[in-house]
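The values are calculated or read from the model by the stated rules, or taken from the named source; none is laboratory data. Everything numeric here is computed off the predicted structure, so don't read it as measured data. Reconstructed Cβ throughout: ideal geometry from the backbone, glycine too, with neighbour counts over all protein chains shown.
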Amino acid sequence: MNRLTNYVLNFLLVCSLGLGLSGCVTTTQLPFASYSPWEEIQLASDDNPLDIAFIDQDHGFLVGANRLILETTDGGRTWQHRDLEIPSEENFRLMSIDFKSDEGWLVGQPNLVMHTQDAGSNWTRLSLGNKLPGNPYLIKTLDKDSAELATTAGAVYRTEDGGKNWEGRVSEASGGVRDLRRREDGSYVSVSSLGNFFVTLDDQDQTWQSHQRASSKRVQTLGFQPDGQLWMLSRGAEIRLNDQPGDYESWSKPIIPLVNGYNYLDMAWDPNGGIWAAGGNGTLLVSKDEGETWQKDPIGYATPTNFIRIFFLENEFGNSPKGFALGERGHVLRWVG
């Protein structure tokens, strides 16, 4: 009798799981791609890299935890340590760096903003005062002496005088931020600190608009697809794509390329239209058919790290975009196509 009861319970469990996953694109096994468009870059540091920006085709900077700042003059193949003129007892998590020609900005936590006008040869530290909601999270260089700063509280400020004065772009902060992304047109999307909702800010808005998550699973992060629509990563390794332009309540069914116990932490579209998903334990997947099928990247899976950021950097010089996958403990992959 007990064996019969257990059989029935197991059968019902399998049925319920099947119903729960119906409509999902999911698998527990994926093939490896026949080749990898990535190469691993050796950094002389095991601190976590967090952002990269380039001034021209060859010259750029990488920043990260524990005051990490590295410089490259060969397009990102090799990197050398740089020092910022910051007292040694001050430790900062350098979060974001951005350039437009020789004009550049760098922000870190807690409350660090630096500005350069000579392609990073010299940096000036600016004072933000004590009234800034949250800590600096993201910086965007707009023009000469002009930049836009977003914080961990969802406040957005703009300066037009090299950082002497900052004016609020939004009427009020959105609250605690898990992740925040900016599009080139000035639009923002941000995930709440608990992942239970997200907010958007269009380029002309002064108020954040709140939206419910697409399912009961907490949101890990969101970002912009190449056409301006959104993508969403949720707990349980779920990927969803915004399927109606401008309608942030309309989402595709969940795509679950791989069930391996690790969440996806970032997504990006490469210059050839491939979709990349990155996450824990060397997870680096690619889809070349708009998310229908997926493959494992062999270089990614051979790298002992959690990939936390993956992005492709457009440039104004007509060259192919640069691509980097940033992992913990100093692991970086460089796109070679």
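Within region 264-310, track down each residue that is hydroxyl-bearing (Ser, Thr, Tyr), outside any loop (DSSP other than H, G, I, E, B) and surrounded by 21 or more Cβ atoms within 10 Å (Cβ to Cβ).
Once the filter is applied, which keeps residues that are hydroxyl-bearing (Ser, Thr, Tyr), outside any loop (DSSP other than H, G, I, E, B) and surrounded by 21 or more Cβ atoms within 10 Å (Cβ to Cβ), region 264-310 yields only Tyr264.
When region 114-133 is examined, which residues are found to be under 15 Å from Ser96 (Cα atoms) and in a loop (DSSP other than H, G, I, E, B)?
Gly120, Trp123
Could you tell me which numbered condition Gly162 fails, if it satisfies all but one of (1) modelled with pLDDT of 95 or more; (2) assigned to a loop (DSSP other than H, G, I, E, B); (3) buried (at least 20 other Cβ atoms within 10 Å of the Cβ)?
Evaluating Gly162 over (1) modelled with pLDDT of 95 or more; (2) assigned to a loop (DSSP other than H, G, I, E, B); (3) buried (at least 20 other Cβ atoms within 10 Å of the Cβ) leaves (3) as the failure.
Taking region 198-210 only, how many residues are surrounded by fewer than 19 Cβ atoms within 10 Å (Cβ to Cβ), under 20 Å from the mean Cα position of the chain (by Cα) and either free of Cβ contacts under 8 Å to residues at least 12 places away in the same chain or not in a loop (DSSP other than H, G, I, E, B) (or both)?
1
For residues in region 165-197 being farther than 23 Å from Leu50 by Cβ and among the hydrophobic types (A, V, I, L, M, F, W, C), which is nearest to the chain's Cα centre (by Cα)?
Top of the filtered list is Phe197.
Answer yes if at least one residue in region 230-246 is part of a loop (DSSP other than H, G, I, E, B) and more than 23 Å from Ser192 (Cα to Cα), and no otherwise.
no
List every residue pair whose Cβ atoms sit under 6 Å apart, with the two residues 6 or more apart in sequence or on different chains, where the first one lies in region 152-167 and is at positive phi and the second, anywhere, is part of a loop (DSSP other than H, G, I, E, B).
Hits for this filter: Gly154/Ala173; Gly154/Ser174; Gly154/Gly175; Gly162/Asp145.
Among residues belonging to region 211-249 that are surrounded by fewer than 13 Cβ atoms within 10 Å (Cβ to Cβ) and free of Cβ contacts under 8 Å to residues at least 24 places away in the same chain, point out the one that is nearest to the chain's Cα centre (by Cα).
Within region 211-249, the match that is nearest to the chain's Cα centre (by Cα) is Asp227.
Determine whether Ile41 is of a type in the set (A, V, I, L, M), under 29 Å from Lys288 (Cα atoms), modelled with pLDDT of 85 or more and surrounded by 14 or more Cβ atoms within 10 Å (Cβ to Cβ).
Judged against the criteria, Ile41 is a match.
What number goes with the only condition from (1) at pLDDT 95 or above; (2) touching a Lys or Arg at 6+ places or on another chain (Cβ under 8 Å); (3) not aromatic (Phe, Trp, Tyr) that Thr73 does not pass?
Of (1) at pLDDT 95 or above; (2) touching a Lys or Arg at 6+ places or on another chain (Cβ under 8 Å); (3) not aromatic (Phe, Trp, Tyr), only one is false for Thr73: (2).
Which of the residues spanning region 172-186 are in contact with a Ser or Thr (Cβ under 9 Å, 6 or more places away or on another chain) and either assigned to a strand (DSSP E or B) or at pLDDT 95 or above (or both)?
Val177, Arg178, Asp179, Leu180, Arg181
Test of understanding: among Asn91, Asn135, Asn111, which residue is over 20 Å from Glu39 (Cα atoms), surrounded by fewer than 18 Cβ atoms within 10 Å (Cβ to Cβ) and touching a strand residue (DSSP E or B) at 6+ places or on another chain (Cβ under 8 Å)?
After applying the criteria, what remains is Asn111.
In region 65-81, what residues are in a loop (DSSP other than H, G, I, E, B) and buried (at least 16 other Cβ atoms within 10 Å of the Cβ)?
The answer is Ala65, Arg67, Leu68, Gly76, Trp79.
For (1) more than 25 Å from Arg218 (Cβ to Cβ); (2) among the β-branched types (Val, Ile, Thr), each residue gets a yes or a no:
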position	(1), (2)
Ile256	no, yes
Asp266	no, no
Asp270	yes, no
Gly282	no, no
Ile308	no, yes
Phe311	no, no
Leu326	no, no
